[in-house]
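Chemist: Handing you a structure now.
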Amino acid sequence: MSEQFTRPEPDVEPRHEGVAPPPKILLWIILGLFVMAIVGSIGAVVVFRSVLLPAQQQRVIDQLPFMRAFMAPTPQGGTLPTAMPADSDISPDDLLSAPLELPTSTTVPTSEPTEAAAIIQVEPSATITQTATPTVAPSATPTQLPPTATPVVESTPETTNNASVNSDAQAISIPSLPASARMFGFVHTQQSWNNCGPANITMALSYYGWQRDQSYAAQLLKPDREDKNVSPHEMVGFVNENSDLRAINRLGGDLTMLKQFIAAEIPVIIETGYMPEGYDWLGHYQTVVAYDDLQDVMYLYDSYLGIGGGEGLAETYVDLDRNWKHFNRTFIVIYPPDREGDVREILGERADPERAAKLALEVAQKEARANPRDTFALFNMGTSLTRLGRYEEAADAYDLARRDGTLPWRIIWYQFGPFEAYFNAGRYDDVMALVDINLTNGAQYVEETYYWQGRVLEARGDLSGARQAFNRALQHNYLYADAREALDSLNA
């Protein structure tokens, strides 16, 4: 008879003999720390997203790249929302096929010099109020390129609020275009935060011996460092108010014109679209310094990307024109008063601002006819029509540009034609829709946003709200003349 064995049950009970249980308060402390860590993480994200200024956010991201994931979301698809359908007697076919009626300019040059320019008209714009500012020594490093015989203007000691620049340059006739040309003498400026406009106007002025740095230009162009935009007319005003040089801006430039200015050794700045890798579309200024027909390239001094090996960044004619088109081929020319004749010769019909807008409209319409889905061509039609005061047509052109939802959403950080066109066409809801888009997508520091908000509120009879909006605009840029005039008119 076999013996039967019973397997003993394993002892799975923990053995805590001699081990005292942890104090309950320690458990509560651990739990509290855990909860604090969670709350602290959430709070840090809230502070990062809602309290820090954009420049501070970027500094955090530079140190902790993963924090980019906690940035406020941008518009879906990176594009401007489509416009609401509007009643209009103008059809898309009308806009694309209508005759443009481009008469020959009848502008007559004046014989007496004016504050802006003696011959070439300066487009109406906001006035920059001058303030006394101590002299700032240049901080940029000069280019290593050798100098040429190009006359250089030396800055004179400042005895007034203006930084005075005197010129010995003589007017010369514009020769036929060489196969390549280059301007020497620019001092490259690496832009600080949101300082593309001031940096480029500083670079262009440095060609004439300007000694101020970009911070001087910034305090007269964008007192709020978070302001995302400096418009071309503001940069023109800065030159005309603060130097002995002259500046003008126009729409509708072309590559041949840029080459003529380079060959004539007259600085020119262009406004372009720019999409760095990993980022959404941005507006950007660049200073043109050279061209080479053998390689089909322009050379640019870029305040963000640098100057390559010193000769400037090379960009093909095709790429440059494509990016320049995003801003209706806007350009700024800086020149001594005694070279106005040369500038006028190069500008040709563009010397008249109205004629320049009509020529830009003609180009945009041709491009839109060739490709009715070309959103930038349609947008440029709207901008040109707005400049010509044809607001109903402009509003419809902007509607077409927004139809497919492919315009970059930041475009209304820099270009305010849609606000002006919709407002003057009586489409106040559309203006306010653009205001809301800007205020929720990083442009709460752009003063023009509040200006157009104020104009709509005033038109609707909300005078208190309009005052608040105009004051908000002035808080971001106390030099903004349009907002100041609107506020003064309300308070009169």
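Where a number appears in this text, it was derived from the coordinates with a stated rule and is not lab data. All values reported here derive from a predicted model rather than from experimental measurement. Quick reminder, even Gly has a Cβ in these numbers, built from the backbone with ideal geometry, and neighbours come from all protein chains shown.
Chemist: Residue separation times 0.36 nm, minus the C-alpha to C-alpha distance between S192 and T256: what's the value?
Modeler: Numbers: separation 64, 0.36 × 64 = 23.04 nm, distance 3.18 nm.
Fully extending the segment from S192 to T256 adds 19.9 nm.
Chemist: In sequence order, what are the phi-derived ³J(HN,Hα) couplings for the stretch 220-235 according to the Karplus relation 6.51 cos²θ - 1.76 cosθ + 1.60 with θ = phi - 60°, rounded to whole Hz, with x for glycine and proline?
Modeler: For the stretch 220-235, the Karplus-derived couplings read 9, 10, 8, x, 8, 5, 8, 4, 7, 9, 10, 7, x, 5, 5, 5 Hz, x marking Gly and Pro.
Chemist: For an R0 of 22 angstrom, estimate the FRET efficiency from the Cβ-Cβ distance between D338 and L177 and round to the nearest 0.05. Please list the in-between numbers first.
Modeler: Details: r = 23 Å, r/R0 = 1.03.
Result of the calculation: an efficiency of 0.45.
Chemist: Moving on to the next point. Please rank I42, I332, fewest neighbouring Cβ atoms within 10 Å first, as an exposure proxy. Walk me through the numbers before you get to the answer.
Modeler: Working: I42 10, I332 25.
Starting with the residue having the fewest Cβ neighbours, the order is I42, I332.
Chemist: Right, next: Can you tell me the relative contact order of the stretch 180-351? Whole percent, Cα pairs under 8 Å, sequence separation 6 or more.
Modeler: Working: 314 pairs, mean separation 45.9, N = 172.
Computed value for the stretch 180-351: 27 percent relative contact order.
Chemist: Moving on to the next point. How about the stretch 386-492: which trypsin sites (Lys or Arg not before Pro) there are in a DSSP loop, with at most 14 other Cβ atoms within 10 Å of their Cβ?
Modeler: R460
Chemist: Please list the non-local residues whose amide H lies under 5 Å from the amide H of V187, H modeled 1.01 Å from N, same-chain partners needing a gap of 5 or more.
Modeler: Residues meeting the criterion, in which the H sits 1.01 Å from N, are S206, Y207.
Chemist: How high is the FRET efficiency from R373 to D224, r the C-beta distance, R0 35 Å, rounded to 0.05? Show your work: numbers first, answer last.
Modeler: Working: r = 37 Å, r/R0 = 1.06.
Efficiency, from the Cβ-Cβ distance: 0.40.
Chemist: What residues qualify as long-range amide H neighbours of R250, i.e. H under 5 Å apart, gap of 5 or more or another chain, H built at 1.01 Å from N?
Modeler: F331
Chemist: Can you pull out the GluC sites (Glu not before Pro) in the stretch 225-304 that DSSP calls coil and that have at most 14 other Cβ atoms within 10 Å? Write down the numbers at each step before the final one.
Modeler: Numbers: sites: E226, E234, E241, E265, E271, E277; in loops: E226, E265, E277.
Answer by residue number: E277.
Chemist: Given contacts defined as C-alpha pairs under 8 Å and at least six residues apart, what's the relative contact order of the stretch 249-365, whole-number percent? If you can, show how the numbers build up before the last one.
Modeler: Values: 182 pairs, mean separation 38.9, N = 117.
Relative contact order for the stretch 249-365 comes out at 33 percent.
Chemist: Can you sort L407, L205, L31, L400 by how many other beta carbons sit within 10 Å, fewest first? Don't jump to the answer; show the numbers that get you there.
Modeler: Working: L407 24, L205 27, L31 10, L400 21.
Exposure proxy ranking, most exposed first: L31, L400, L407, L205.
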